[in-house]
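Take a look at the structure set out below.
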Amino acid sequence: MAKVVIIGCGGVGTVVAHKCAQHPDVFSEIVIASRTRSKCEAVVETIGKPNVSADVVDADSVPQLVELFNRHKPQLVINVALPYQDLTIMDACLICGVNYLDTANYEPKDVAHFEYSWQWAYKQRFEEAGLTAILGCGFDPGVSGVFTAYAAKHHFSEMEYLDIVDCNAGDHGKAFATNFNPEINIREITQNGRYYQDGKWVTTGPLEIHKTLTYPNIGGRESYLLYHEELESLVKNFPSIKRARFWMTFGQEYLTHLRVIQDIGMARIDEIDYNGQKIVPLQFLKAVLPNPQDLGENYHGETSIGCRISGKDKEGKPLTYYIWNNCSHEAAYKETGMQAVSYTTGVPAMVGAMMFLTGKWVKPGVNNVEEFDPDPFLAELAKDGLPWNETFNQDLEV
């Protein structure tokens, strides 16, 4: 039994809190903290359990985080705040002697660029402190890395080609909305694409490369190559990989809106002057777009996320392998009040926290999820709302 502090109370944080509360044998006390106490209190009220409480913190402030951690003395901090805040939270964890888990890697606020180097630089400090930091424990990154580790452990002697495929075939009924924080979402998909090939990174234009891929129970969807952070750690931890790519589906209406947003300058992340005030256009856009937390009620359809891998099996013979999860928006909303994109990120974060607190994923230092044993994680994931499937020696379409 252990106490955890959850930083962030958006859609993902809400799911994490709900799922942790379902396991009081592991999570004896749960504190949800964000800038807005009322949001945390609303989640606490919805859950309605005495071991769940709310607090307030500005995650940009190391002193505030230190005060929060010293007051609550958690064994683990689950960081589902903004990626800009990863390093301040890690700093506070080191000061207070608290273990750490997040779902997305750090990126600077003023540059649309994300990579693990900033967080990997903390490895020695966490090792020396005897603290475990688990990076990227959502779905992608997160389960995508665990799927890859599972494939390597059980099926492959050598993985050569990895394609992570992410399809949201749901319909929320809005003209335009993002499924998680609009600022982070739009920054991510308007960057240049990038993939790994024969020991080098190859850069493409934003959403330049695309093809139709078939997803289980969904069918064909146009899928676009973009850069995603788990590629960086997976090619490092599985050096036999010759090529690694990430694909995500987008509808034409979504892409049209995105193109207009860029053309009129609303995707800019630099400050401009407006009536004597400094504003960032993308942050203003975030304020007027639908809140991803509010999409769940009318969301229909499902997501499908998985890994398509080819290489040599344990006997050195050619093998193709596909492992995936499909998640219903309606089922996610019925259970937690959030849509499937939040659910598929929040559930793995809870499972990763459970793995640490039950002693299955403990390794002082800074580690990505694929560096731990995938078996207990995937067994628990299937019990907690995200069952997975696998097929062998079928056409991977990539």
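The values are calculated or read from the model by the stated rules, or taken from the named source; none is laboratory data. Because the structure is predicted, anything quoted here is derived from the model rather than measured. We place every Cβ from the backbone using ideal geometry, glycine too, and count neighbours over all the protein chains shown. These area figures cover heavy atoms from the full protein model, side chains too; ligands, DNA and RNA do not enter into them. Shrake-Rupley method; radii C 1.70, N 1.55, O 1.52, S 1.80 Å.
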* Asked: Only one of H23, H18 is within 15 Å of T336 (Cβ to Cβ) and assigned to a helix (DSSP H, G or I); which?
  -> H18
* To do: Inspect all residues belonging to the stretch 93-114 and state whether any of them is in a helix (DSSP H, G or I) and among the β-branched types (V, I, T).
  => yes
* Out of all the residues in the stretch 227-245, is one or more closer than 17 Å to L396 by Cβ, assigned to a strand (DSSP E or B) and not basic (K, R)? -> yes
* K236: open to solvent by 30 Å² or more (accessible area, probe 1.4 Å), of a type outside the set (A, V, I, L, M, F, W, C) and at pLDDT 95 or above, yes or no? -> yes
* To do: Scan the stretch 264-273 and give yes if some residue there is open to solvent by 10 Å² or more (accessible area, probe 1.4 Å), in a strand (DSSP E or B), under 18 Å from A152 (Cα atoms) and of a type outside the set (S, T, N, Q), otherwise no.
  => no
* What single numbered condition from (1) in contact (Cβ under 8 Å) with a residue 12 or more places away in the chain; (2) open to solvent by less than 60 Å² (accessible area, probe 1.4 Å); (3) within 27 Å of Y84 (Cα to Cα) fails to hold for A169? -> (3)
* Taking the stretch 342-387 on its own, how many of its residues are open to solvent by 50 Å² or more (accessible area, probe 1.4 Å), under 17 Å from the mean Cα position of the chain (by Cα) and within 19 Å of C167 (Cα to Cα)? -> 0
* May I ask you to say which residue of Y150, Y224, Y195 is of a type in the set (F, W, Y) and touching a Lys or Arg at 6+ places or on another chain (Cβ under 8 Å)? => Y195
* Residue, nearest to D91 (Cα to Cα), within the stretch 363-381, restricted to residues that are out of contact with any helix residue (DSSP H, G or I) (no Cβ under 6 Å at 6 or more places or on another chain) and outside any helix (DSSP H, G or I) -> N367
* Exactly one of (1) modelled with pLDDT of 95 or more; (2) not in a helix (DSSP H, G or I) is unmet by G173. Its number? -> (1)
* To do: Name the single residue, out of those in the stretch 274-303 being of a type in the set (A, V, I, L, M) and open to solvent by less than 90 Å² (accessible area, probe 1.4 Å), that is farthest from the chain's Cα centre (by Cα).
  => I279
